[in-house]
């Protein structure tokens, strides 16, 4: 009987220890960006995947970047490369809960130079034809086209 009681107490203690320890797990976050390579002026979407110690824990997201503009308030943000030079930029997110526990992650996006299509300029030489000369040319052409 004492052995059963000891086993029962040990099992109960283990359950209490496991349950009480679960909420002490730190929150963690991983992040990614898609696409990973864009052209100047394009946008990429960054996503974070948060693992919470307790379900339904409310968290806040703080998105930053090393260049460009990043906007987002939840688990997804948009990186806008308008106005940035070609290069590699980091996108960062810090996730925090109400107990001030936090986790952060970083991912990167490569911004390639935007090449503009070539432009074409046209000119004519001479840039004008006198009307009398045009009439002469048309008359010669008409004479040649009349069947004989």
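The values are calculated or read from the model by the stated rules, or taken from the named source; none is laboratory data. This one's a predicted model, so the numbers in the text were calculated from it and none came from an experiment. Glycine also receives a Cβ, built like all others from the backbone with ideal geometry; neighbour counts cover every protein chain displayed.
Can you pull out the residues in the range 39-61 that are outside any strand (DSSP E or B) and touching a residue at least 24 places away in the same chain (Cβ under 8 Å)? Step through it out loud before you land on a result.
First, the residues of the range 39-61 that are outside any strand (DSSP E or B): 40-42, 52-58.
Result: 40, 41, 42, 52, 53, 54, 57, 58.
Among the residues of the range 62-113, which ones are assigned to a loop (DSSP other than H, G, I, E, B) and over 19 Å from residue 27 (Cα atoms)? Selection gives 66, 67, 68, 72, 81, 82, 83, 84, 85, 86, 113. Restricted to the range 97-122, and to residues there that are at pLDDT 95 or above and under 24 Å from residue 54 (Cα atoms), the residue that is farthest from the chain's Cα centre (by Cα) is 103.
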